[in-house]
Amino acid sequence: MHKKVIIITGAAVGLGLAAAQEFATRGAKQVLVDYNKGAFR
């Protein structure tokens, strides 16, 4: 996963958030997108 870039839509909550967290533990670079920018921590 270290050479992968993953784009996740709906990344602030739910399945998108869970996917982002899992890919982060695997070392993937990510582009996270969500219409609710206030939900990102």
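Between the listed residues 40, 30, 18, the Cα displaced farthest toward the positive end of the dipole of the chain, a dipole computed from Cβ unit charges relative to the Cα centre, is found at 30. Under the criterion of Cα pairs below 8 Å and six or more residues apart, the relative contact order for the chain equals 50 percent.
Spacing of the modelled spin labels on residue 24 and residue 39, each 7 Å from Cα toward Cβ, amounts to 1.5 nm. Across the chain, Cα-Cα pairs farther apart than 11 Å form 58% of the total.
Computed from the coordinates by the stated procedures, all read-outs in this text should not be read as laboratory data. Worth saying up front: this structure is predicted, and the values here are computed from it rather than measured. Neighbour counts are summed over all protein chains in view; Cβ atoms, including those assigned to glycine, are modelled from backbone coordinates with ideal geometry.
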